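A.B. asks: This is the structure I have questions about; it appears just below.
The values are calculated or read from the model by the stated rules, or taken from the named source; none is laboratory data. These figures come from a predicted structure and were not determined experimentally. All Cβ positions, glycine included, derive from the backbone under ideal geometry; neighbour counts span all protein chains shown. All accessible areas refer to the heavy atoms of the entire protein, side chains included, with ligands and DNA or RNA removed. Shrake-Rupley method; radii C 1.70, N 1.55, O 1.52, S 1.80 Å.
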Amino acid sequence: MSDYRRLRVALLGAGAVGSQVAALLLKHGDELADRAGASLELVGIAVRDLDAPRDADLPRDLFTTDAEELILGADIVIELMGGIEPARTYLMQAINSGADVVTANKALLATYGSEIFEAADQVGAQVYYEAAAAGAIPIIRPLRDSLAGDRVQRIMGIVNGTTNYILDRMDTEGADLVDVLSEAQALGYAEADPSADVDGYDAAQKAAILASLAFHTTVPLSAVHREGIMGLDKAMIDAARHAGYAIKLLAVCERLAAEDEGEEGESISVRVYPALVPRSHPLASVHGANNAVFVQAEAAGSLMFYGAGAGGVQTASAVLGDVVSAARRHIAGGVGVGESTRANLPVVPIGRVTTRYQITLEVDDQPGVLATVAGTLSEGRVSIATVEQTVISESADGPGVARLVIGTHKAREQDLSETVARLAASGVVERVASVLRVEGD
């Protein structure tokens, strides 16, 4: 290893992922040097609390609370602190000092990615972020490099392991959402405050990153439509299974053609919501806390990337892959490759999206109701594909209540939304139980 050039590696953060990254760097240093063509010396680990418990047994003399001094002496800076600040400040300091940076910070990249990439481009540094979108799953390099000569049309991803674990348990065991969420928290899949997962924030951040990369366009987090899973219940899961679907929280990034004749150019839609996925689709078979990203490209066709979306040692694998890439670039020399955002496609609101839907209504069980519902849908330019009616309660004093599960042909989101609002106010609909999109058919 003495023949190798020495590269100084600074690590910011020693949580579940950071501790594993440090341990693997120390344990497999010689092997990583052979792959990178450089000696990777971990020169320090910046933490807030020197005495906090760690997931790995690491030499105490590596720890410091002086992140800035550590950054200024490093060739490669690994940021695994999470959050926006002080991670953003430290990352910018690292870039401006000439270091390459490796990060798994999805919130930071989704919010300030364009600023960070521009700063790196100005000084010829490189930002690596394979672990920021799907944990251990390699998806950033395939999108950035392998598919650089193709046109990505669509991405559908299960990119949050916590919600997939919850929905999978509800589907396979008939479990209640609240109960499974409590179990997920006990197992460490979900935080004490699970809102980032169950309300779709985590998935939305990853969707913004994936869409920016796939469509060569800056996608602000504010442009991502987001819905979570807390409105789902056992009845919806059962109805989905009966109709041949599984419900998954999906990140959908899609290239859209011009909507009206004479309208110029393409646009993109980026959205996160629970959707019905046909049981025959590969994403329906993603179980437990695993993630998967399904990519459709013009020439390559359909590709799927599957594996662990979280976990300390699993995510550390993706981080160390980036570290080796950064080391190789240092040895080869030259400036970093900037992120391409020159396509600059507009991100349209969800009202522009066209897909199929499953609408579940509770209605008065009396003659003429189905005709009224069908007429309202027709007036709203929503075409019925299937209808299933079940009586759920009877009354001797008046009409009982029936459940209508209506499958539609493809409809525009704005038309569907307005039509459902009219149904809710029609007088024959007691309750709109659910409206779910169908994806992947």
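A.B. asks: Residues being open to solvent by 50 Å² or more (accessible area, probe 1.4 Å) and either over 24 Å from Ser97 (Cβ atoms) or in a helix (DSSP H, G or I) (or both): count how many of those fall in the range 1-26. Step through it out loud before you land on a result.
C.D. replies: Initial filter on the range 1-26 (open to solvent by 50 Å² or more (accessible area, probe 1.4 Å)): 1-6, 8, 16, 26.
Checking which are either over 24 Å from Ser97 (Cβ atoms) or in a helix (DSSP H, G or I) (or both) leaves us with 1-3, 16, 26.
So the count comes out to 5.
A.B. asks: A further question follows. Can you name the residue in the range 27-48 that is part of a helix (DSSP H, G or I) and touching a helix residue (DSSP H, G or I) at 6+ places or on another chain (Cβ under 9 Å) and, of all such residues, is most open to solvent (accessible area, probe 1.4 Å)? Spell out how you get there, then give the answer.
C.D. replies: Going residue by residue through the range 27-48, those that are part of a helix (DSSP H, G or I) are 27, 29-36.
From the residues that got through so far, the ones that are touching a helix residue (DSSP H, G or I) at 6+ places or on another chain (Cβ under 9 Å) too are 32-33, 35-36.
Values: Leu32: 14, Ala33: 0, Arg35: 123, Ala36: 7 Å².
It comes out as Arg35.
A.B. asks: With respect to Ser417, is the statement that it is out of contact with any Asp or Glu (no Cβ under 9 Å at 6 or more places or on another chain), modelled with pLDDT under 95 and either open to solvent by 20 Å² or more (accessible area, probe 1.4 Å) or among the hydrophobic types (A, V, I, L, M, F, W, C) (or both) true?
C.D. replies: Working: out of contact with any Asp or Glu (no Cβ under 9 Å at 6 or more places or on another chain): yes; modelled with pLDDT under 95: no; either open to solvent by 20 Å² or more (accessible area, probe 1.4 Å) or among the hydrophobic types (A, V, I, L, M, F, W, C) (or both): yes.
Spelling it out, it is not the case that Ser417 is out of contact with any Asp or Glu (no Cβ under 9 Å at 6 or more places or on another chain), modelled with pLDDT under 95 and either open to solvent by 20 Å² or more (accessible area, probe 1.4 Å) or among the hydrophobic types (A, V, I, L, M, F, W, C) (or both).
A.B. asks: Go through the range 103-122 and report how many residues are aromatic (Phe, Trp, Tyr) and touching a strand residue (DSSP E or B) at 6+ places or on another chain (Cβ under 9 Å). Show your work before the answer.
C.D. replies: First, the residues of the range 103-122 that are aromatic (Phe, Trp, Tyr): 112, 117.
Those left that are additionally touching a strand residue (DSSP E or B) at 6+ places or on another chain (Cβ under 9 Å): 117.
Residues meeting the conditions: 1.
Quick grid of which residues meet (1) at pLDDT 95 or above; (2) in contact with a Lys or Arg (Cβ under 9 Å, 6 or more places away or on another chain):
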residue: Leu7; (1), (2): yes, no
residue: Ala38; (1), (2): no, yes
residue: Leu50; (1), (2): no, yes
residue: Arg54; (1), (2): no, no
residue: Asp57; (1), (2): no, no
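A.B. asks: Can I ask one more? Go through the range 181-198 and give me each residue that's part of a helix (DSSP H, G or I) and open to solvent by 10 Å² or more (accessible area, probe 1.4 Å).
C.D. replies: The first filter runs over the range 181-198 and keeps only residues part of a helix (DSSP H, G or I), leaving 181-187, 195-198.
Result: Leu181, Ser182, Glu183, Gln185, Ala186, Leu187, Ser195, Ala196, Asp197.
A.B. asks: Name every residue in the range 199-215 that is in contact with a Gly (Cβ under 9 Å, 6 or more places away or on another chain), open to solvent by less than 10 Å² (accessible area, probe 1.4 Å) and not in a helix (DSSP H, G or I), in order of residue number.
C.D. replies: Within the range 199-215, the subset in contact with a Gly (Cβ under 9 Å, 6 or more places away or on another chain) is 199-201, 203, 206-210, 212.
Then drop every residue that is not open to solvent by less than 10 Å² (accessible area, probe 1.4 Å), which leaves 200, 203, 207-208, 210.
The one that is in contact with a Gly (Cβ under 9 Å, 6 or more places away or on another chain), open to solvent by less than 10 Å² (accessible area, probe 1.4 Å) and not in a helix (DSSP H, G or I): Gly200.
A.B. asks: Quick one: would you say Tyr273 is open to solvent by 10 Å² or more (accessible area, probe 1.4 Å), touching a strand residue (DSSP E or B) at 6+ places or on another chain (Cβ under 7 Å) and either assigned to a strand (DSSP E or B) or of a type in the set (Gly, Ala, Ser) (or both)? Spell out how you get there, then give the answer.
C.D. replies: Details: open to solvent by 10 Å² or more (accessible area, probe 1.4 Å): no; touching a strand residue (DSSP E or B) at 6+ places or on another chain (Cβ under 7 Å): yes; either assigned to a strand (DSSP E or B) or of a type in the set (Gly, Ala, Ser) (or both): yes.
So Tyr273 fails the test.
A.B. asks: Of all residues in the range 420-441 being of a type in the set (Lys, Arg) and in contact with a Ser or Thr (Cβ under 8 Å, 6 or more places away or on another chain), which is surrounded by the fewest Cβ atoms within 10 Å (Cβ to Cβ)?
C.D. replies: Once the filter is applied, the top-ranked residue is Arg422.
A.B. asks: Also, quick follow-up: Go through the range 95-116 and give me each residue that's within 17 Å of Ser325 (Cα to Cα) and either touching a helix residue (DSSP H, G or I) at 6+ places or on another chain (Cβ under 6 Å) or open to solvent by 30 Å² or more (accessible area, probe 1.4 Å) (or both). So that I can check it myself, show each step before the final result.
C.D. replies: Filtering the range 95-116 down to residues within 17 Å of Ser325 (Cα to Cα) leaves 95, 98-104.
Scanning the range 95-116 gives Ile95, Gly98, Asp100, Val101, Val102, Ala104.
A.B. asks: Further question: Considering only residues of the range 216-236 that are part of a helix (DSSP H, G or I) and not hydrophobic (A, V, I, L, M, F, W, C), which is nearest to Val293 (Cα to Cα)? First the steps, then the outcome.
C.D. replies: Quick first cut of the range 216-236, residues part of a helix (DSSP H, G or I) only: 221-223, 234-236.
Going one step further and asking which of them are not hydrophobic (A, V, I, L, M, F, W, C), we end up with 222, 234.
On the way: Ser222: 22, Lys234: 26 Å.
Out of the qualifying residues, it is Ser222.
A.B. asks: Identify the single condition in (1) at pLDDT below 95; (2) in contact with a Gly (Cβ under 7 Å, 6 or more places away or on another chain); (3) at negative phi that Val159 does not satisfy, given that it satisfies every other one.
C.D. replies: Failing condition for Val159: (1).
A.B. asks: Taking Thr65 as the residue in question, decide whether it is of a type in the set (S, T, N, Q), in contact (Cβ under 8 Å) with a residue 12 or more places away in the chain and open to solvent by 60 Å² or more (accessible area, probe 1.4 Å). Outline the logic, then answer.
C.D. replies: Numbers: of a type in the set (S, T, N, Q): yes; in contact (Cβ under 8 Å) with a residue 12 or more places away in the chain: yes; open to solvent by 60 Å² or more (accessible area, probe 1.4 Å): yes.
Yes.
A.B. asks: Further question: Taking into account only those residues within the range 75-94 that are open to solvent by 10 Å² or more (accessible area, probe 1.4 Å) and outside any helix (DSSP H, G or I), which is farthest from Leu210 (Cα to Cα)? I'd like the intermediate steps shown before the answer.
C.D. replies: We begin by selecting, within the range 75-94, every residue open to solvent by 10 Å² or more (accessible area, probe 1.4 Å); these are 75, 80-86, 88-90, 92-93.
When the remaining residues are screened for being outside any helix (DSSP H, G or I), the result is 75, 80-86.
Working: Asp75: 27, Leu80: 19, Met81: 21, Gly82: 18, Gly83: 19, Ile84: 19, Glu85: 22, Pro86: 24 Å.
Ranking the qualifying residues of the range 75-94, first place goes to Asp75.
A.B. asks: Moving on to the next point. Please work out which residue is surrounded by the most Cβ atoms within 10 Å (Cβ to Cβ), limiting yourself to the range 281-298 and to residues that are touching a residue at least 12 places away in the same chain (Cβ under 8 Å) and of a type in the set (S, T, N, Q).
C.D. replies: Restricting attention to the range 281-298, the residues satisfying the condition of being touching a residue at least 12 places away in the same chain (Cβ under 8 Å) are 281-284, 286-298.
After this cut, where a residue has to be of a type in the set (S, T, N, Q) as well, the list is 290-291, 296.
Working: Asn290: 19, Asn291: 25, Gln296: 15.
Ranking the candidates gives Asn291 first.
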